[in-house]
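Scroll down for the structure; my scribbles are underneath it.
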Amino acid sequence: MSKVVEMAPGIFWVGATDWHRRIFDCFFSLPYGTSYNSYLIKGGQKTALIDTVAREFGDQLIGKIGTVVDPSTIDYLVMNHAEPDHGGTIPQVMAAAPKAKLVATKRGVEMAAVFYDVPPERCRIVADGETLDLGGKTLQFLDTPWLHWPETMTTFCPQGQALFPCDFLGAHIASDKLFAEEIGGLSIPEAKRYYAAIMMPFASRALRALDKFDELPVKLVAPSHGPVHSTPEHILGAQRRWASGALEPKIVVLYATMYGSTEALKAALVDAVSSKGVEVVEYNLAVADLSHIMADLVDARALVVGSPTFIGGAHPLVHTAVETVRMLRPPGKLAAVFGSSGWSGGAAAHLKARLESAGYEVLEPVEIKGPPRAADLEAARALGQQVAERVLAG
Ligand SMILES: Cc1cc2nc3c(=O)[nH]c(=O)nc-3n(C[C@H](O)[C@H](O)[C@H](O)COP(=O)(O)O)c2cc1C
Ligand SMILES: [Fe+2]
Ligand SMILES: [Fe+2]
């Protein structure tokens, strides 16, 4: 959006829309681009800016602020999170606003020095629950660490009933509309994919933050990426469901294949699962997008992994996917593995061990030699049936 939006009296969106970006953190695909939301809060006496934008959008940010106030008059730069997509313009804002103090948690102030050379005398550390009076407007700071870095905090403005949780509750969407209610269908699924890839390992921290938010009269949820929510119960309810680990009767199948043998086993297994009436989502890792896999794993009861043996272990694509699953820690902890090998085998045992060490219960693997014969396909079907029955049993 090239315009500035007054979301509530004296609270302005002054962020940047990045329509053309296609990858984030060298990992997360951005089919819809993204935005870096920055908010200007104008009180009777003081002005605060909440988070900045990525470095290449610095001039745009300063220009947008300039349509509301003289940027040199900014008193506080609230840094909810130090990551460069939001902090990248801190040096430019601190230079444009010579009397501004950077407001952050203790760890945030340390990280502002590491990432942006902000000297301690230009910083103000805020503790959980502390407030800052802007004159007719207040900022209240909530300690919400590890969402998704150690320094993260959330800012609340009671007069606008606006919550600024930075990355938490965000989604990567570029749009000419600010509100989720105007954008429609994409908002919640994209917030889920975002949660899966960034926040899922910190689910218990997310629940703690949501409990804190429940005590506030929130009317606007204004994260640092994507839409602002003016019916906050939608995003807060969905987020609570994801973070609480509520599971659906759904199986996610990940596989790779070089000559089609593992794929033939996969087909037999999936056929058995489907005939039990259980939902299956398949990802051929040669073409799959890890962030979509993770989004499906937010609430899938079971994970099924197929791999040919490759130099004694799992195929590299399967290896990467399973290691990513281990890092992101989805809540469903039932797994099955299968695959084909040429001589010694080994992929299935390797995958079973990796998944078990991440807390999975792994059913007895099916590993065959070469292309599957009738008995092998039957074994794959039996494995599929077993997973489906376990999923149905809950
Ligand atoms: C690069 C490469 C490495 C392999 N390494 C092993 C191995 O270490 N041990 C083994 O038993 N088979 C190994 N194989 C054989 C495959 O596991 C076997 O051909 C298998 O049937 C392939 O399954 P697919 O058709 O699903 O790709 C290797 C094959 C390739 C192409
Ligand atoms: Fe971040
Ligand atoms: Fe971010």
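Derivation of every value follows stated rules applied to the coordinates shown; laboratory data play no part. These figures come from a predicted structure and were not determined experimentally. Note that each Cβ is placed from the backbone with ideal geometry, even for glycine, and that neighbours are counted across all protein chains shown.
Compute the Cα gyration tensor for segment 275-394, then decide on rounded, prolate or oblate, letting a ≥ b ≥ c be the square roots of its eigenvalues: rounded whenever a/c is under 1.5, prolate when a/b is larger than b/c in the other cases, and oblate in all that remain. Please report the intermediate quantities before stating the final value.
Working: a/c = 1.61, a/b = 1.14, b/c = 1.41.
Oblate shape, in that a/c is at least 1.5 and b/c is the bigger or equal ratio.
Can you run the Rg to Rh ratio on segment 14-172? Use alpha carbon positions and the Kirkwood inverse-distance Rh. Write out the running numbers ahead of the final one.
Values: Rg = 14.6 Å, Rh = 15.6 Å.
For segment 14-172, the value is 0.94.
Using only DSSP helix segments of four residues or longer, with each worth -39500 (n - 2.57), what per-residue ellipticity at 222 nm results for the chain after dividing by its residue count and rounding to 500? Could you put the intermediate results ahead of the total?
On the way: 13 runs with 134 residues, N = 394.
It lands at -10000 deg cm²/dmol.
Hey, what's the Cα Rg ratio for segment 126-226 versus the globular rule of thumb, 2.2 N^0.38 Å?
1.09
Using a 7 Å offset from the Cα along the Cα-to-Cβ direction at both ALA382 and SER2, what is the distance between the two label points in nm, to one decimal?
Between ALA382 and SER2, the label points sit 6.7 nm apart.
Give me the Debye-computed log₁₀ of I(q)/I(0) at q = 0.23 Å⁻¹ for segment 221-312, equal point scatterers on Cα only, no solvent, two decimals.
Each listed q maps to, in turn, -1.15.
List the equivalent ellipsoid semi-axes of the chain in whole Å, largest first, each obtained as the square root of 5λ for an eigenvalue λ of the Cα gyration tensor.
Details: eigenvalues 438, 76, 62 Å².
Ellipsoid semi-axes (Å, largest first): 47, 19, 18.
By how many degrees, 0 to 90 and rounded to 10, does the Cα axis of helix 316-328 deviate from the longest principal axis of the chain?
Computed tilt is about 50 degrees.
Compute the long axis of helix 347-356 from its Cα atoms, compare it with the longest principal axis of the Cα atoms of the chain, and write down the angle in degrees, 0 to 90, nearest 10.
50
What is the sum of charges around ILE65, taking Lys and Arg as +1, Asp and Glu as -1, for the other residues whose C-beta is under 14 Å from the C-beta of ILE65?
Numbers: positive: LYS3, LYS42, LYS64; negative: GLU6, ASP51, ASP59, ASP70, ASP75.
Once all neighbours under 14 Å are counted, the net charge is -2.
If you add up the charges near ALA174, with Lys and Arg at +1 and Asp and Glu at -1, over every other residue whose beta carbon is less than 10 angstrom from its beta carbon, what do you get?
Local charge sum for ALA174: -1.
In what sequence, highest mean first, do 284-293, 37-46 appear when ranked by Cβ atoms within 10 angstrom?
Ranked by mean Cβ neighbours within 10 Å, highest first: 37-46, 284-293.
Dipole of the chain, Cα-centred, from +1 at each Lys and Arg C-beta and -1 at each Asp and Glu C-beta, to the nearest 20 debye?
180
Report the chymotrypsin sites (Phe, Trp or Tyr not before Pro) located in segment 310-392 that are in a DSSP loop and have at most 14 other Cβ atoms inside 10 Å of their Cβ, or state none.
Within segment 310-392, the qualifying chymotrypsin sites (Phe, Trp or Tyr not before Pro) (loop, at most 14 other Cβ atoms within 10 Å) are TRP343.
If one computes the Cα centroid of segment 134-194 and of segment 45-102, what distance in Å separates the two points?
After rounding, the separation between the Cα centres reads 17 Å.
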